[in-house]
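Engineer: Dumping the structure here so I can ask a few things about it.
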Amino acid sequence: MALLEIKKAGDPVLKQICAPVEKIDKRLRNFLDDMAETMYASEGVGIAAPQVGKAIRVCVVDVDKKTRYDLINPVITYREGVAVDQEGCLSCPDLFGDVERAAKIRVEYTNRFGKKKLLEAEGLLARCIQHELDHLDGQLFIDIAKNITQGRKKTED
C-alpha cells in the first residue's frame, strides 16, 4: 500500500464529473486500499478518488474506524430530513463550514468484490457519504457551505 497525494482546492481534477468504473479488478482494489491508507494517515473519515487525482466514481468512508465502506459507482436513491452541521475536507485544509444535508439516506453501490449493495445511513455516516459523492460530481463543501471559517468552531464542554 502507498500514501497518495491529496489534491487541494483549485486543482482541476476536483471540479470534474467522474466517470463510472467499468471494471473491478485487483488494480482497483489496490487503489481503494491506497485511498484508505491515505485517509487514515490524514485523520479523515472519507476520501473520494478525485481527491487523489483519479476522476472515477469511487470513494472510501469509515466514520468510526471500525467499518470501512468501499463505494464503487454509488448513487443516493433516497433522502429524508434535513441536518446542518460543520464539515471540513482533506482537500481544503483548515477550512470548515456549516453544510445542509439530508439527515437520512439510502445509497446503492457496488463493493470491492463486484457485489451490489444497499446501505441506509444517518448521522455522520450519511453526511460523510453525501460529502464524498459531491466530490464525484465536481463539488466541494466550500461551494455549498452556509459559511466558511478557518479553524474548527469552538465547542462548549
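The values are calculated or read from the model by the stated rules, or taken from the named source; none is laboratory data. Bear in mind the structure is a predicted one, so any value in this text is a computation, not a measurement. Positions of Cβ are generated from backbone atoms using ideal geometry, with glycine treated the same way; all protein chains shown enter the neighbour counts. Areas reflect the complete protein model, heavy atoms only, side chains present, ligands, DNA and RNA absent. Shrake-Rupley method; radii C 1.70, N 1.55, O 1.52, S 1.80 Å.
Listed here are the residues, each with its yes/no results for (1) touching an Asp or Glu at 6+ places or on another chain (Cβ under 7 Å); (2) open to solvent by less than 40 Å² (accessible area, probe 1.4 Å); (3) closer than 15 Å to Leu136 by Cα.
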position: Leu4; (1), (2), (3): yes, no, no
position: Lys65; (1), (2), (3): no, no, no
position: Val75; (1), (2), (3): yes, no, yes
position: Tyr78; (1), (2), (3): no, no, no
position: Ser91; (1), (2), (3): no, yes, yes
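Engineer: If you check Asp94, Asp98, which single one turns out to be on the phi > 0 side of the Ramachandran plot and in contact (Cβ under 8 Å) with a residue 12 or more places away in the chain?
Structural biologist: Checking each option against the conditions leaves just Asp94.
Engineer: Follow-up. Given the options Tyr69, Tyr109, name the one that is open to solvent by 30 Å² or more (accessible area, probe 1.4 Å) and aromatic (Phe, Trp, Tyr).
Structural biologist: None of the other options fit; the residue is Tyr69.
Engineer: Restricting attention to segment 80-89, which residues are among the aliphatic types (A, V, I, L, M), open to solvent by 40 Å² or more (accessible area, probe 1.4 Å) and not in a loop (DSSP other than H, G, I, E, B)?
Structural biologist: Val84
Engineer: Sort through Gly138, Gly114 and tell me the only one that's outside any helix (DSSP H, G or I), touching a helix residue (DSSP H, G or I) at 6+ places or on another chain (Cβ under 8 Å) and surrounded by fewer than 18 Cβ atoms within 10 Å (Cβ to Cβ).
Structural biologist: Only one candidate qualifies: Gly138.
Engineer: How many residues does segment 32-63 hold that are assigned to a strand (DSSP E or B), open to solvent by 30 Å² or more (accessible area, probe 1.4 Å) and touching a residue at least 60 places away in the same chain (Cβ under 8 Å)?
Structural biologist: 0
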